[in-house]
1. Test residue 38 against the criterion of being modelled with pLDDT under 85 and touching a strand residue (DSSP E or B) at 6+ places or on another chain (Cβ under 9 Å), and give yes or no.
2. Anything in region 1-19 that is among the β-branched types (Val, Ile, Thr), surrounded by 10 or more Cβ atoms within 10 Å (Cβ to Cβ) and more than 23 Å from residue 49 (Cα to Cα)? List them, or say none.
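The values are calculated or read from the model by the stated rules, or taken from the named source; none is laboratory data. Computed from a prediction, not measured in an experiment: that's the story for all the values here. Virtual Cβ from ideal backbone geometry, glycine too; neighbours counted across all protein chains shown.
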Amino acid sequence: MSDLVTGFLDDGRVHVFDGAMGTLLYSRGVFVNVCYDELNLSRPELVEGIHQEYVGAGAELPETHTPRATPVKLSSSGSNITMALAPKSVSHTLSRSST
């Protein structure tokens with residue numbers, strides 16, 4: 001476990017996570033017939049924008065937006081699996097932009 005996570009667990013405080021990503025995506029016009037995980041590739045600005053809003057609202061621990069991002073699920077949406085498995089993440093982008 002990383003030192004950051006261990007520090008959060010050991011400090012005795014309540015910490016705020018993000019949540020309801022699917023609800024926010026739907027409210028912005030992304031309907032249920034879309035692979036939400038694939039939006040990380042096709043509309044990264046939308047996903048990153050929502051994560052930025054969570055951080056702005058006080059979320060300390062934004063989670064990745066990839067609950068079903070398996071090769072099988074992504075290939076069924078027509079995603080390029082090689083790109084999908086690239087090591088770039090929204091949380092990495094957030095950590096760079098918040099400094």
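1. The answer is no for residue 38.
2. Filtering region 1-19 for residues among the β-branched types (Val, Ile, Thr) gives 5-6, 14, 16.
Filter once more, so that each one left must be surrounded by 10 or more Cβ atoms within 10 Å (Cβ to Cβ): 5-6, 16.
Selection gives 5, 6.
Results for (1) touching a residue at least 40 places away in the same chain (Cβ under 8 Å); (2) hydrophobic (A, V, I, L, M, F, W, C); (3) loosely packed, with under 12 Cβ neighbours inside 10 Å; (4) in contact with a Gly (Cβ under 9 Å, 6 or more places away or on another chain), shown as yes or no for each residue.
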position	(1), (2), (3), (4)
24	no, yes, no, no
35	yes, yes, no, yes
38	yes, no, no, yes
49	no, no, no, no
56	no, no, yes, no
59	yes, yes, no, yes
62	yes, no, no, no
76	yes, no, yes, no
